[in-house]
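One structure is given here, and the rest of the page talks about it.
None of the figures in this text is laboratory data; all of them are computed from the coordinates on show. Not measured: the values here are computed from a predicted model. Counting neighbours? That spans all protein chains shown, and the Cβs are built from the backbone with ideal geometry, glycine included.
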Amino acid sequence: MPEPIEVRKIPLRNVSDASELARLIDDGVIDADRVVAVIGKTEGNGGVNDYTRILADRAFREVLAAKGGRDADEVRQIPIVWSGGTDGVISPHATVFATVPAGRAPASDEPRLTVGFAMSERLLPEDIGRTAMITKVADAVRVAMAKAGITDPGDVHYVQTKTPLLTIRAISDAMSRGRTVWTQNTHESMDLSNGCTALGVAVALGEILMPSDADVLHDRSLYSSVASCSSGVELDRAQVIVAGNARGIGGRYRIGHSVMRDALDSDGIWAAIKDAGLDLPERPHPSDLDGRLVNVFLKCEASQDGHVRGRRNAMLDDSDVHWHRQIKACVGGVAAAVTGDPAVFVSVSAAHQGPDGGGPVAAIVDLGD
């Protein structure tokens, strides 16, 4: 049986600030050796050369190493997923997940938050965007589910991944071995890696049947409602965090999910919060959350037809500011307006993650007394 989970959201005062993580440990809220995952936002450009993710990653791992008993290799294995880019009002922050002994958590037979983690087999450059990647990701999702103690895919509400994208070096490596890659555009490979990974999540959870290579980035009717996929240069495997609910483990927290149908769908965010277990009025206000919302996690994407609710926009035609940054700022503002807190996890490049122009939403709430 998995152990109960403690989860806290903490601010980042600068890109290499892990002082609030240290405070949580020093105050006895969490044990450094029990941290099982971190998911956060950094203030970089969110692109291929966003090194703020590496700086934040190093700072957090240094604190975990200094304040715990795990050796360097064990600390390196902790899944820490950073999404770069805090456009608009989005505030840099991290959500920290740690296990706690069963005796320290409220007992409950109701569904409560559980987390599992797995790493895929190595993803070669030629795998990215193809069924080989889908298969490797799906296998890792199933392992993470098992570690979380989840047997029913319907109890999975959030799958956060980090996968490699294509760099010039990776492309050259594939070509030197006589292999081809899906694209030689490194920035496009971010959307490719994210979208292909989401299809792997969807296959593992039974949301879709196994797609073909031709479906990747082309058939947008194929998607996962719980996948949140990011990519970067930091790793060569899929790093998979599965969050869901399980009965009998106890604890204070519960997770739920929904989808935003478009970039302005605030009702989709409220639906995720309600699905997590908060009793809200028909027309809720941020004050109704009463401090019980830990965080929301969203993916977003510019609609492929260049419209939102029948109105044309210029995001996909803008040569000055990439649409990644524009849609992230837009949805970040919507999410902050719903929650009353700009420290929301909003990540862009949501191909095959929720419906076209929208995206999945997960919410973690505190149901403790």
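Brief remarks on what is shown
- If only the Cβ of Lys and Arg carry +1 and only the Cβ of Asp and Glu carry -1, the dipole of the chain around its Cα centre is close to 360 debye.
- Helices that extend 20 Å or more along their long axis by alpha-carbon positions and average at least -1.0 on the Kyte-Doolittle scale are, among the DSSP H runs of the chain, 52-67, 131-148, 188-204, 323-339.
- With a Förster radius of 35 Å applied to the beta-carbon distance between H218 and D27, the computed FRET efficiency rounds to 0.10.
- Cβ-Cβ FRET estimate between S266 and D318, R0 fixed at 25 Å, reported to 0.05: 0.55
- Extension gain, D173 back to A72 (0.36 nm per residue minus Cα-Cα distance, nm): 33.5 nm
- FRET efficiency for the A146 to N49 pair, using the beta carbon distance and R₀ = 35 Å, is estimated at 0.45.
- Dipole moment magnitude, nearest 20 debye, the stretch 13-151 about Cα centre, only Lys, Arg, Asp, Glu C-beta charged: 160 debye
- Over the chain, dividing the summed -39,500 (n - 2.57) contributions of all DSSP H runs of at least 4 residues by the number of residues returns a 222 nm mean residue ellipticity of -8500 deg cm²/dmol.
- Paramagnetic reach from H187 (point 7 Å along Cα→Cβ, amide N under 16 Å) across the stretch 154-173: 166-168
- Between the stretch 50-98 and the stretch 116-183, the alpha-carbon centres lie 21 Å apart.
- Virtual spin-label span in nm between S19 and M210, 7 Å along Cα→Cβ: 5.3 nm
- Sequence-distant residues sharing a close amide H with L367 (under 5 Å, placed H): Y253, R254
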